[in-house]
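Novice: Questions regarding the structure given below will be posed in turn.
The values are calculated or read from the model by the stated rules, or taken from the named source; none is laboratory data. Given the structure is predicted, the values throughout are model-derived calculations rather than measurements. Don't worry about glycine lacking a Cβ; one is built from the backbone with ideal geometry, like all the others, and counts go over all protein chains shown.
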Amino acid sequence: MHFAFLLRHPPYSKQHAREGLEAALAAAAFGQEVSLYFMGDGVLQLLPDQKATQLAAKDTSRMLQALDMYDIENVYVDRTSLQARGIAEDALAIKCTAVDSRQIRQQLATAQQVFCF
Amino acid sequence: MKYALLVNGAPLDSQAARSALYFSQALLAREHQLLRVFFYGAGVQLGNGLQISAQDENSLLGEWQALALAGNTELVLCIAAAQRRGILSATEAQRHGKPPVEMLATGFTLAGLGTLVDAALDVDRLITFQG
């Protein structure tokens, strides 16, 4: 089944980013087709060169490096959210496809379940 | 229709568990089936049986327990998220070398993320309540 995960929180200060990614990895480990959508402040999870150790936090960008291992290939980022934060599409830590809100709506309509984090 | 809920927000510091409860009550009133509610993130705090509400305030926990009975609904806390926040069953506490206090509220169980995935596979709709 196709499960979509919306990731809308920044990487640190709260646990949403970490726990959302963990849930996505679990779904993939259980053999489901997983797609990720980084939106709003969630796009900050994609910034390279994070120094989570300075916050004594778990580095969520490391978890993103593991997506390949879990066969999660469909990774999308909301273009408007990137633009609003002055982040270039080619400056992200992992390979992802920039999409607009219309494309996101269309793709979510094809997912069997949507998980929000 | 068959539903499952994912509740991520803390019970007191967000509206998530309260809104999810009202949504669940509406589901049952319309004769939908609510298979499972999976509490994740700070949402697991709802399953802490040691919480005490003031006498003149509604007990959110009590209302959830009543709903679970009425709807034959499973209330599940993510075991990893609960452990990180110090919510353990007596058995789990003992296993981790802590005093064997039962903190898990009646009607709740601890389980892994696989239980959330299973619920998503079994139902028509999974709805998230965010904090």
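Novice: Can you name every residue in region B:89-131 that is crowded, with 17+ Cβ neighbours inside 10 Å and on the phi > 0 side of the Ramachandran plot?
Specialist: If the condition is that a residue be crowded, with 17+ Cβ neighbours inside 10 Å and on the phi > 0 side of the Ramachandran plot, then B:G107 is the only one that fits.
Here's the yes/no breakdown for (1) in a strand (DSSP E or B); (2) crowded, with 24+ Cβ neighbours inside 10 Å:
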site: B:L6; (1), (2): yes, yes
site: B:A20; (1), (2): no, yes
site: B:F23; (1), (2): no, no
site: B:A26; (1), (2): no, no
site: B:S53; (1), (2): no, no
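So that you can scan it fast, the table gives a plain yes or no per residue for (1) more than 14 Å from chain B (Cβ to nearest Cβ); (2) buried (at least 19 other Cβ atoms within 10 Å of the Cβ):
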{"residue": "A:L36", "(1), (2)": "yes, yes"}
{"residue": "A:D49", "(1), (2)": "yes, no"}
{"residue": "A:A91", "(1), (2)": "yes, no"}
{"residue": "A:I94", "(1), (2)": "yes, no"}
{"residue": "A:Q103", "(1), (2)": "yes, no"}
{"residue": "A:Q113", "(1), (2)": "no, yes"}
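Novice: Report yes if some residue within region A:59-69 is among the charged types (D, E, K, R), touching a residue at least 40 places away in the same chain (Cβ under 8 Å), more than 25 Å from B:V44 (Cα to Cα) and exposed (fewer than 13 other Cβ atoms within 10 Å of the Cβ); otherwise report no.
Specialist: No, the conditions are met nowhere in region A:59-69.
Novice: Which numbered condition in (1) more than 12 Å from chain B (Cβ to nearest Cβ); (2) surrounded by fewer than 18 Cβ atoms within 10 Å (Cβ to Cβ); (3) more than 14 Å from the chain's Cα centre (by Cα) is the only one that A:A29 fails?
Specialist: The number of the failed condition is (1).
Novice: Take B:L75 and decide whether it is within 14 Å of B:G47 (Cα to Cα), at pLDDT 95 or above and away from chain A (no Cβ under 14 Å).
Specialist: Judged against the criteria, B:L75 is a match.
Novice: Name the residues in region B:55-68 that are touching a Pro at 6+ places or on another chain (Cβ under 8 Å) and surrounded by fewer than 14 Cβ atoms within 10 Å (Cβ to Cβ), would you?
Specialist: Those that are touching a Pro at 6+ places or on another chain (Cβ under 8 Å) and surrounded by fewer than 14 Cβ atoms within 10 Å (Cβ to Cβ): none in region B:55-68.
Novice: What are the residues in region A:11-26 that are buried (at least 16 other Cβ atoms within 10 Å of the Cβ) and within 14 Å of another protein chain (Cβ to nearest Cβ), if any?
Specialist: Listed by number, the residues that qualify are A:Q15, A:H16, A:A17, A:R18, A:E19, A:G20, A:L21, A:E22, A:A23, A:A24, A:L25, A:A26.
Novice: Take the conditions within 14 Å of chain A (Cβ to nearest Cβ), among the polar types (S, T, N, Q) and farther than 21 Å from B:D122 by Cα and apply them to B:Q45. Does it pass?
Specialist: It is true that B:Q45 is within 14 Å of chain A (Cβ to nearest Cβ), among the polar types (S, T, N, Q) and farther than 21 Å from B:D122 by Cα.
Novice: Given the conditions (1) out of contact with any helix residue (DSSP H, G or I) (no Cβ under 8 Å at 6 or more places or on another chain); (2) in a loop (DSSP other than H, G, I, E, B); (3) at pLDDT 95 or above, which single one is not true for B:L88?
Specialist: (1) is the only condition that B:L88 fails.
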